[in-house]
Ligand code: PPE
């Protein structure tokens, strides 16, 4: 996985050695999925490492905690500074960032209230999520036999560890059947998302993506792609997508922090479009990667540079 070069993690306000970043087995989150988290990427640019949409990820983390009645014991500014500190302490020029706020060690039993809210931030080098070729070649996926959690069961707008029980069922089923990923339908049978990605379809030059009511995570990459696409002159709509519309789309792609923009070339062994990355997907990828890698102007102010002179606490 590439944890070998991770030197430090941030835990509850201080940087600790990788080997010391441990929790007790009686920690509440292990038993009851009482954690909220983020996945963020830091990209290498000519002007040094830069974190992609740190403000939006921070906001979503605090929103997830709010939904679960968790008080994160750090301000948003302290949290953001901690993310930058952690990257710097590891001397990474590019990495994946995993913050997690969770109910800690105090007592067991479903009631989480007696447990403290602990926070850690880990970083590591994470390459291409769905394989090294995926971003150019596209991936072969299936529609899952599992359904995404229904509204008013597990809130999809909260990125909680508990939601990933459903994601794991989707992912494992896809993998054992020889697919890279599964697309999961919502409780009404409409397209929701991938186990760890949002999804877009392209038909007649127009983009469609499921609305937030379809039990999707409000993806930061989803929002970025909507913004970039509109800026480039494409029409984008949030709309319910019936399963069969996937098969007759010109292009389908996943978006996510880990997956970035990954084309889908077949679904349930049905070829999508030409069976390879489509031109709209490629155009969006080109713009997205140019922004995150800092080779064109950061016109939406999405990058936070990692300052070279932050004093790392230890
Ligand atoms: N839906 C789900 C279920 C999801 O997990 C992610 C991110 C997204 C959509 C896209 O959201 P965003 O990253 O904000 O664009 N999945 C994260 C975790 C993947 C993992 O295996 O862990 C990620 O991409 O970081």
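Structure notes:
- Residue within the stretch 108-125 that is assigned to a loop (DSSP other than H, G, I, E, B), within 16 Å of the ligand (Cβ to nearest atom) and at pLDDT below 95 present: no
- Qualifying position, being assigned to a helix (DSSP H, G or I) and under 27 Å from residue 295 (Cα atoms), among 59, 91, 78: 59
- Breaking point among (1) on the phi > 0 side of the Ramachandran plot; (2) surrounded by fewer than 21 Cβ atoms within 10 Å (Cβ to Cβ), for residue 147: (1)
- Applying the criterion of being within 15 Å of the ligand (Cβ to nearest atom) and part of a helix (DSSP H, G or I) to the residues of the stretch 20-56, the residue that is nearest to residue 159 (Cα to Cα) is 56.
- Residue in the stretch 200-208 that is outside any strand (DSSP E or B), in the same structural domain as residue 280 (by TED's automatic domain parsing), within 16 Å of the ligand (Cβ to nearest atom) and modelled with pLDDT of 95 or more present: no
Per-residue answers, yes or no, for (1) within 19 Å of the chain's Cα centre (by Cα); (2) more than 21 Å from residue 246 (Cα to Cα); (3) crowded, with 22+ Cβ neighbours inside 10 Å:
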{"site": "165", "(1), (2), (3)": "yes, yes, no"}
{"site": "168", "(1), (2), (3)": "yes, yes, no"}
{"site": "182", "(1), (2), (3)": "yes, no, yes"}
{"site": "190", "(1), (2), (3)": "no, no, no"}
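- Search result, residues across the stretch 126-157 that are part of a loop (DSSP other than H, G, I, E, B) and in contact with a strand residue (DSSP E or B) (Cβ under 6 Å, 6 or more places away or on another chain): 126, 130, 138, 148
- Exactly one residue among 121, 199 is touching a helix residue (DSSP H, G or I) at 6+ places or on another chain (Cβ under 8 Å), buried (at least 17 other Cβ atoms within 10 Å of the Cβ) and touching a residue at least 40 places away in the same chain (Cβ under 8 Å), and that residue is 121.
- Qualifying positions in the stretch 250-264 - surrounded by fewer than 21 Cβ atoms within 10 Å (Cβ to Cβ) and away from the ligand (no atom under 14 Å from the Cβ): 250
- Residue check for residue 178: surrounded by fewer than 17 Cβ atoms within 10 Å (Cβ to Cβ), at pLDDT 95 or above and at positive phi: yes
- Residue within the stretch 270-289 that is within 12 Å of the ligand (Cβ to nearest atom), touching a residue at least 12 places away in the same chain (Cβ under 8 Å) and crowded, with 17+ Cβ neighbours inside 10 Å present: yes
The values are calculated or read from the model by the stated rules, or taken from the named source; none is laboratory data. Computed from a predicted model, the values in this text were never measured in an experiment. Positions of Cβ are backbone-derived with ideal geometry, glycine not excepted, and every protein chain shown enters the neighbour counts.
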